[in-house]
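Here's the structure, in structure tokens; my notes come after.
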Amino acid sequence: MSRCGIAVAVLAASLCGARAGQGATALDYTRDVLDRARAIVNTDHPHNQKLAELEAVLSDFLDTDQMGRDALDEHWKQFSAAQQKEFLRLFRTLFQRTYLQKLLFFEKPDFVYVGEAPGDGFARVDTKILTPKDEFAVTYRMRPSGSHWLATDIQVEDLSLTNNFRQQLDRQLSKGSAEALLDGMRKKYGGKDDAL
């Protein structure tokens, strides 16, 4: 292959979108995950079964550890190592339930994949959720992780879910301690013994 041919091949590959390892682009990976999620939402399975199936699909898609650290922001250092670990476990449940409940709220959702924009060490994937009555813009901030991608934030109609949690957690922690926050989360999302 000539040098010109190699240069064209490299340019073409770079224009195909950011890739994680040798895997799919962030857009392709997002499409695959959301298509599997849509198939689950559209089944006649009971609500709790749908939740469990969606949690399994999204476990390799949502970087809830990064989202949790970002949501705690400056409060992260107020937590001991054990509290940080427990917070991330509880936050994973909180975030997945919040996101999944929003996803299950839509009646027969259809996803449109608008595009992908590479960034410095991440990619932004723009999508839309279409229902018979509405349309919602949803943007995923994705980071490469081995051969796949992880969402480090999700924006629905320009509202960042991570920022929304950050505001809520900041209000709670300005009034109480890390332990009080964890106690409330344990009551809603799982006991302390579940962490072991």
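The values are calculated or read from the model by the stated rules, or taken from the named source; none is laboratory data. Predicted model, so just to flag it, every value in this text is computed and none were measured. All Cβ positions, glycine included, derive from the backbone under ideal geometry; neighbour counts span all protein chains shown.
If you check Thr98, Thr64, Thr93, which single one turns out to be among the hydroxyl-bearing types (Ser, Thr, Tyr), in contact with a Lys or Arg (Cβ under 6 Å, 6 or more places away or on another chain) and within 21 Å of Arg171 (Cα to Cα)? Let's see the steps before the verdict.
Details: Thr98 fails: in contact with a Lys or Arg (Cβ under 6 Å, 6 or more places away or on another chain); Thr93 fails: in contact with a Lys or Arg (Cβ under 6 Å, 6 or more places away or on another chain).
It is Thr64.
Could you tell me whether any residue of segment 64-79 is at pLDDT below 90 and over 20 Å from Arg31 (Cα atoms)? Break it down stepwise before answering.
The initial filter retains those residues of segment 64-79 that are at pLDDT below 90, namely none.
No, segment 64-79 contains no residue that is at pLDDT below 90 and over 20 Å from Arg31 (Cα atoms).
Quick grid of which residues meet (1) of a type outside the set (A, V, I, L, M); (2) touching a strand residue (DSSP E or B) at 6+ places or on another chain (Cβ under 6 Å); (3) under 16 Å from Thr152 (Cβ atoms):
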| residue | (1), (2), (3) |
| --- | --- |
| His47 | yes, no, no |
| Asp60 | yes, no, yes |
| Thr64 | yes, no, yes |
| Ala71 | no, no, yes |
| Trp76 | yes, no, yes |
| Lys85 | yes, no, no |
| Leu90 | no, no, no |
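Restrict the check to segment 44-52 and report whether at least one residue is under 30 Å from Pro109 (Cα atoms), surrounded by 11 or more Cβ atoms within 10 Å (Cβ to Cβ), at pLDDT 90 or above and in contact with a Phe, Trp or Tyr (Cβ under 7 Å, 6 or more places away or on another chain). Lay out the reasoning, then the answer.
Initial filter on segment 44-52 (under 30 Å from Pro109 (Cα atoms)): 44-52.
Checking which are surrounded by 11 or more Cβ atoms within 10 Å (Cβ to Cβ) leaves us with 45, 49-52.
Within this subset, residues satisfying the condition of being at pLDDT 90 or above are 45, 49.
Cutting the leftovers down to in contact with a Phe, Trp or Tyr (Cβ under 7 Å, 6 or more places away or on another chain) gives us none.
Scanning segment 44-52, I find no residue that is under 30 Å from Pro109 (Cα atoms), surrounded by 11 or more Cβ atoms within 10 Å (Cβ to Cβ), at pLDDT 90 or above and in contact with a Phe, Trp or Tyr (Cβ under 7 Å, 6 or more places away or on another chain), so the answer is no.
Out of all the residues in segment 81-118, which are touching a residue at least 24 places away in the same chain (Cβ under 8 Å), out of contact with any Asp or Glu (no Cβ under 6 Å at 6 or more places or on another chain) and not in a helix (DSSP H, G or I)? Step through it out loud before you land on a result.
Taking segment 81-118 as the starting set, the residues that turn out to be touching a residue at least 24 places away in the same chain (Cβ under 8 Å) are 83, 85-100, 102-104, 106-111, 113, 115-116, 118.
Remaining after also requiring out of contact with any Asp or Glu (no Cβ under 6 Å at 6 or more places or on another chain): 83, 85-87, 89-95, 97-100, 102-104, 106-111, 113, 116, 118.
Of everything in segment 81-118, those that are touching a residue at least 24 places away in the same chain (Cβ under 8 Å), out of contact with any Asp or Glu (no Cβ under 6 Å at 6 or more places or on another chain) and not in a helix (DSSP H, G or I) turn out to be Phe106, Glu107, Lys108, Pro109, Asp110, Phe111, Tyr113, Glu116, Pro118.
Select from segment 16-43 the residues that are under 15 Å from Phe122 (Cα atoms) and aliphatic (A, V, I, L, M) and write down the one among them that is modelled with the lowest pLDDT.
Checking each candidate, the answer is Ala18.
Find the residue count for segment 53-76, including only residues that are aromatic (Phe, Trp, Tyr) and surrounded by fewer than 17 Cβ atoms within 10 Å (Cβ to Cβ).
Residues of segment 53-76 that are aromatic (Phe, Trp, Tyr), as a first pass: 61, 76.
Subsequent filtering for residues that are surrounded by fewer than 17 Cβ atoms within 10 Å (Cβ to Cβ) retains 76.
Number satisfying all stated conditions: 1.
Of Arg143, Arg124, Arg186, which residue is in a helix (DSSP H, G or I) and either touching a residue at least 12 places away in the same chain (Cβ under 8 Å) or exposed (fewer than 14 other Cβ atoms within 10 Å of the Cβ) (or both)? Step through it out loud before you land on a result.
Details: Arg143 fails: in a helix (DSSP H, G or I); Arg124 fails: in a helix (DSSP H, G or I).
When all the criteria are applied, what remains is Arg186.
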